[in-house]
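Report on the following structure.
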Amino acid sequence: MRFLKNKDAASGIFLVVFSIWAFCSTSAFGKSSISTYGNPAVVPRIVTIVIFVLASLILMDGVKEVKRQEIGRETLEQGSLFSKERLPELMTFLLLVIYVVTIRAIGFVITTAVYLCLQMFILSCFDTKKIWLFLLIACIISPALFYGFRTFFDVLLPAGVLGWNP
């Protein structure tokens, strides 16, 4: 149980399992008939391999920390699931769930812009001075990603309420 209370070990396990699942899921992509770049699973597979490697490093650090604490007889931090320190983690998870649920109905551009802005706000420790910068970045990156995926990779992303299809 101590092992799962270590943040590095717990997140490492989760990310390793997630990357294996995501990599296996790419086999269902099939060959693209409209893309000149070949298999649409190439980029997701590269990303999942990178996630796997980095998650493995995080997991190894977590295992080393647990062993060091067992040797030194240190007690691990007994933080509650809903403690103030975990607020950014919980908000990120909730934000990701909302993003996945709403992307088809609202569309990629709007949903991604809102997600990016809110995620930057959360990661900046709720810095209200930079909210305009976050909005600007999100409003530039989101349509650029949509256009890039549509133009260069021939990947159709949900247009949603905008109906935008370059």
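We did not get these values from a lab; they are worked out from the coordinates using the rules stated. Keep in mind that what you see is a predicted model, and the values were worked out from it rather than measured. Methodologically, a virtual Cβ is constructed for each residue, glycine included, from the backbone with ideal geometry; neighbour enumeration extends over all protein chains shown.
Applying 1/(1 + (r/R0)^6) with r as the Cβ-Cβ distance of A28 and I141 and R0 = 25 angstrom yields a FRET efficiency of 0.35. In this simple spin-label approximation, L162 and W132 carry label points 7 Å from Cα along the Cα→Cβ vector, and these lie 2.3 nm apart.
Sorted fewest first by neighbouring Cβ atoms within 10 angstrom, E89, E65 come out as E89, E65.
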